[in-house]
Amino acid sequence: MDSILRYFPSLTDKQKEQFEKLGTLYPEWNEKINVISRKDIENLYTNHILHSLAIGKFITPVPGTKILDMGTGGGFPGIPLAILFPDCSFHLIDRIGKKIKVAQSIADAIGLRNVTFQHGDIGECRNKYDFVVSRAVMRLDDLVPLIRKNISKENINGYGNGLICLKGGDLTGEKGKYAKDVMEFDLSNYFSEPFFETKKLVYLPL
């Protein structure tokens, strides 16, 4: 929790309380349904919550922004971002029903009201969003064709609508035909922890 406060010192008391509750809820649920590696659950705040919040270092979406979290798993990056940006709406989708169940239960437990959930494939989601976010779900050149239909044409933010991904390592091989439009940002520019040395944020306007 200290790392969250270090990088996001302006959190309200409600936001602090919600982030604190994640530190109890995720380990409890992980004992029943494995949404985070058993070896990695002790690194929940740095490797999962803070990692998700890197998107909040890149962009501060205006109130009313609609964001789709594709392949959310147990709620990353959607739930931390929904806490950080309570005036934006988030739709979390995943093909694995038990993981969506965990994410929805945790959101309910912390009183998160700006999130909706969908158990299904991205092909079943037809709504439009300002941004699609994802965290190590699939290759960039495979992901873009699936979510392009979900990007709204009405731009209300300073950045153009599009895809924001959290990735690791060398992305050269997966940029494909989108290489000239992709923007990469090293997360080590935002966070000093060793975990972020090889992590990147990828932005692709669509």
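Does region 152-201 hold any residues that are among the hydroxyl-bearing types (Ser, Thr, Tyr), farther than 12 Å from ILE55 by Cα and either at pLDDT 95 or above or surrounded by 12 or more Cβ atoms within 10 Å (Cβ to Cβ) (or both), and which are they? Before the answer, list the steps.
First, pick out the residues of region 152-201 that are among the hydroxyl-bearing types (Ser, Thr, Tyr): 152, 159, 172, 178, 188, 190, 192, 198.
Cutting the leftovers down to farther than 12 Å from ILE55 by Cα gives us 152, 159, 172, 178, 188, 192, 198.
Passing the criteria: SER152, TYR159, TYR178, SER188, SER192, THR198.
Among the residues of region 19-26, none qualifies, meaning not one is farther than 30 Å from ASP130 by Cβ, at pLDDT below 95, assigned to a helix (DSSP H, G or I) and more than 17 Å from the chain's Cα centre (by Cα).
Go over the candidates ILE67, ILE79 one by one and state the one that is aliphatic (A, V, I, L, M), within 30 Å of LYS153 (Cβ to Cβ) and touching a Cys at 6+ places or on another chain (Cβ under 7 Å).
Details: ILE79 fails: touching a Cys at 6+ places or on another chain (Cβ under 7 Å).
Going through ILE67, ILE79 in turn, just one is aliphatic (A, V, I, L, M), within 30 Å of LYS153 (Cβ to Cβ) and touching a Cys at 6+ places or on another chain (Cβ under 7 Å): ILE67.
Looking at the structure I just gave you, is THR60 modelled with pLDDT of 95 or more, assigned to a loop (DSSP other than H, G, I, E, B) and more than 21 Å from LEU171 (Cβ to Cβ)? So THR60 passes the test. Just one of the listed residues (ILE55, ILE4) is surrounded by 12 or more Cβ atoms within 10 Å (Cβ to Cβ), within 21 Å of VAL137 (Cβ to Cβ) and not small (Gly, Ala, Ser), and it is ILE55. If I filter region 46-56 for residues that are under 24 Å from LYS149 (Cβ atoms), in contact (Cβ under 8 Å) with a residue 12 or more places away in the chain and touching a helix residue (DSSP H, G or I) at 6+ places or on another chain (Cβ under 7 Å), do I get at least one hit? Yes, there is a match, as at least one residue in region 46-56 is under 24 Å from LYS149 (Cβ atoms), in contact (Cβ under 8 Å) with a residue 12 or more places away in the chain and touching a helix residue (DSSP H, G or I) at 6+ places or on another chain (Cβ under 7 Å).
Taken together, ILE55, ILE67, ILE59, ILE36 contain a single residue that is hydrophobic (A, V, I, L, M, F, W, C) and touching a His at 6+ places or on another chain (Cβ under 7 Å), which is ILE36.
State yes or no: is ASP87 more than 14 Å from the chain's Cα centre (by Cα), among the charged types (D, E, K, R), closer than 20 Å to ALA109 by Cα and at pLDDT 95 or above? Talk me through it step by step, then tell me what you get.
Working: more than 14 Å from the chain's Cα centre (by Cα): yes; among the charged types (D, E, K, R): yes; closer than 20 Å to ALA109 by Cα: yes; at pLDDT 95 or above: yes.
Answer is yes for this residue.
Summed over region 1-18, the residues that are farther than 16 Å from VAL102 by Cα and either under 19 Å from the mean Cα position of the chain (by Cα) or of a type in the set (Val, Ile, Thr) (or both) give a count of 10.
Out of the residues in region 189-206 meeting the condition of being without any contact (Cβ under 8 Å) to a residue 40 or more places away in the chain and among the hydroxyl-bearing types (Ser, Thr, Tyr), tell me which one is farthest from GLY169 (Cα to Cα). Walk me through it before giving the result.
Narrowing region 189-206 to residues without any contact (Cβ under 8 Å) to a residue 40 or more places away in the chain: 189, 192, 194, 197-198, 200.
Filter again for among the hydroxyl-bearing types (Ser, Thr, Tyr), leaving 192, 198.
Details: SER192: 17, THR198: 6 Å.
Only one residue fits best here, namely SER192.
Among the residues of region 139-163, those identified as more than 17 Å from MET183 (Cα to Cα) and of a type in the set (A, V, I, L, M) are LEU146, ILE147, ILE151, ILE156. Taking (1) modelled with pLDDT under 95; (2) over 18 Å from the mean Cα position of the chain (by Cα) in turn, VAL137 satisfies each apart from (2).
The values are calculated or read from the model by the stated rules, or taken from the named source; none is laboratory data. The structure presented is a predicted model; accordingly, all values stated were derived computationally and were not measured. Every residue, glycine among them, receives a Cβ derived from its backbone with ideal geometry; neighbour counts consider all protein chains shown.
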